[in-house]
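First up is the structure itself, then whatever we jot down about it.
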Amino acid sequence: MKSPQSTAKHGHTAAQPSAIGDWVGVLEIAGTALGLELHINDTDGELTASLDCRDQGTLGIPCTAAQFEAGRLALYFPSIQANFKGRLLDGNTLSGDFSQFGKATPLQLKRSGPSRAKLHRPQEPQAPFPYIVTPIRFQNKSAKITLSGTLTAMPEDHALKASILLISGSGAHNRDEEICGHRPFWVLADYLSRYGYAVLRFDDRGVGESEGDPITASSETATEDVLAAVAFIKARPALQRKPLFLIGHSEGALVAGCAAGRNPLIDAIVMLGGPGINGDQLYRDQINAIYSAAEPGATLEQHKQENLNRVIDTILQAGLHEDLTGRLLPLVRETARLDIEDQEAAERLATDQTAAFNRLSFRTLIKTRPKESLSNINIPVLALAGEKDLQVLPDPNLAALKQIIDNGRQKSRVTLKKLPNLNHLFQNCDTGLPQEYGTISETFSPSALQEIQLWLEAVTRSSTPGRVFPGQSI
């Protein structure tokens, strides 16, 4: 159910007072109870709606098509591939089905006032801190943008072991890689800073206080930003002669590898849930794994699988910057019209999904070839994967990473570990489904944090200090 925060702006049917208001209910998915809040409004004579799932930390999920006729309500949320269809029973109850990834689940909503329940996140760092928290800004001169972040490090009278740069995954993230009410990079930075590491994390392009356009961002632009951050770190006198490590999550793991292949001042990398197989197969595996986990034994319908393959093949065959709207829309429209009875709503859903498929970031992901990014790595690598990761399946990706990075070497440069019971965010979980992320109070498994810290300690002891970035001191 994951979605960026946003608010519905468009409705398509005249509002009717009986449906307008705030509604609450509990959705049971794969043994997990998710509290939902539905907000329906009359906006200039049209029905608009948005959905909150505070258990997942997602607010304002946009409804792009809304209808209420003869007591029947239909709402469509393309950003999370979901819809709700139900009936108004007594003026205060909506009863129907919530469908996501093709699976329908009964849902009953009651009229209520808006909730402001606080999310339970016990690992969230709390002041006072033993280390110094410093807001920083650095430039990517080639892109002519300024990026902003936070550096956490012990005071100068404490010996710093090394510097660490955190790299977020695909999508637009702030410096904490905030998702579903969790701030995993804040937790990771806090943990490692307490062990004597200087940790830098920064907002992605166009997010938070960083400049740039998130729409045109890709793994290549992310790599450029990481290299600019490396230059910033190596220009600081206290860090110049310290080892430098990169920790990347998901697609950020590939970015870390790519940056390491271009800059010899990087001493080691940690890949958290990093892809090793090609992007098109990665996405197919992800869709099918999530679908099967949501309904054990189920498989993606044949027409959906065929159309998904056509979409992927179209992206693979086209140039990276070619506008594919005209070629993708008919394929997406075909699936939407089979799933949604109302053709106007189906068309709007198809338009939204086509725009998502046509984004540079998504097309770059589909065209990703990890072998091209990682084959030049000649430094130690720790690759961790969650046993229940449904977004980057552990077994095929860990095997591929080992083959690519070792590249026939007699002595392996990569340490591989599959951590039991953890999902893509490295939380202990039940199913690994994305809709579970926000319902889990744990942000980052303590055992995973310890795995990272112990490996870094070993690499720090074996790293050769003294390499200085040939830039200006600050």
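The values are calculated or read from the model by the stated rules, or taken from the named source; none is laboratory data. Since the model is a prediction, treat every value here as computed from it, not as a measurement. We place every Cβ from the backbone using ideal geometry, glycine too, and count neighbours over all the protein chains shown.
Can you name the residue in region 194-214 that is of a type in the set (A, V, I, L, M) and modelled with pLDDT of 95 or more and is also farthest from the chain's Cα centre (by Cα) among such residues?
Among those that are of a type in the set (A, V, I, L, M) and modelled with pLDDT of 95 or more, it is A198.
Among strands (runs of 3 or more DSSP E) lying entirely in region 117-187, which contain 2 or more residues that are of a type in the set (A, V, I, L, M) and without any contact (Cβ under 8 Å) to a residue 40 or more places away in the chain?
Fully inside region 117-187 and qualifying: 132-140.
Answer yes or no: is there a residue in region 456-464 that is in contact with a Leu (Cβ under 6 Å, 6 or more places away or on another chain), modelled with pLDDT of 95 or more and not assigned by TED's automatic domain parsing to the domain that holds F98.
no
Name every residue in region 339-360 that is among the β-branched types (V, I, T) and outside any helix (DSSP H, G or I), in order of residue number.
Matches in region 339-360: I340 only.
In contact with a Gly (Cβ under 9 Å, 6 or more places away or on another chain) and either in contact (Cβ under 8 Å) with a residue 24 or more places away in the chain or not basic (K, R) (or both), is that true of I404?
Taking the combined requirement at face value, the residue satisfies it.
Let's see how each residue does on (1) of a type outside the set (S, T, Y); (2) in a helix (DSSP H, G or I); (3) more than 23 Å from the chain's Cα centre (by Cα):
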position	(1), (2), (3)
A293	yes, yes, no
P296	yes, no, yes
T299	no, no, yes
R337	yes, yes, yes
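Would a scan of region 361-375 turn up a residue that is in contact (Cβ under 8 Å) with a residue 12 or more places away in the chain and touching a Lys or Arg at 6+ places or on another chain (Cβ under 9 Å)?
So far as region 361-375 goes, no, none of its residues is in contact (Cβ under 8 Å) with a residue 12 or more places away in the chain and touching a Lys or Arg at 6+ places or on another chain (Cβ under 9 Å).
May I ask you to say which residue of A385, A399 is in contact with a Lys or Arg (Cβ under 6 Å, 6 or more places away or on another chain) and outside any loop (DSSP other than H, G, I, E, B)? Can you show your working first?
Values: A399 fails: in contact with a Lys or Arg (Cβ under 6 Å, 6 or more places away or on another chain).
Just a single option satisfies the conditions, and that option is A385.
So in region 143-160, with the set limited to residues that are loosely packed, with under 14 Cβ neighbours inside 10 Å and at pLDDT below 95, which one is farthest from D176 (Cα to Cα)?
The first filter runs over region 143-160 and keeps only residues loosely packed, with under 14 Cβ neighbours inside 10 Å, leaving 144, 155-159.
Right, trim to at pLDDT below 95 and you get 155-159.
Details: P155: 22, E156: 24, D157: 27, H158: 25, A159: 25 Å.
Of everything passing the filter in region 143-160, D157 is farthest from D176 (Cα to Cα).
Every residue in region 234-256 that is touching a Leu at 6+ places or on another chain (Cβ under 8 Å), buried (at least 23 other Cβ atoms within 10 Å of the Cβ) and not small (G, A, S), please.
Answer for region 234-256, where residues must be touching a Leu at 6+ places or on another chain (Cβ under 8 Å), buried (at least 23 other Cβ atoms within 10 Å of the Cβ) and not small (G, A, S): K242, L244, F245, L246, I247, H249, E251, L254.
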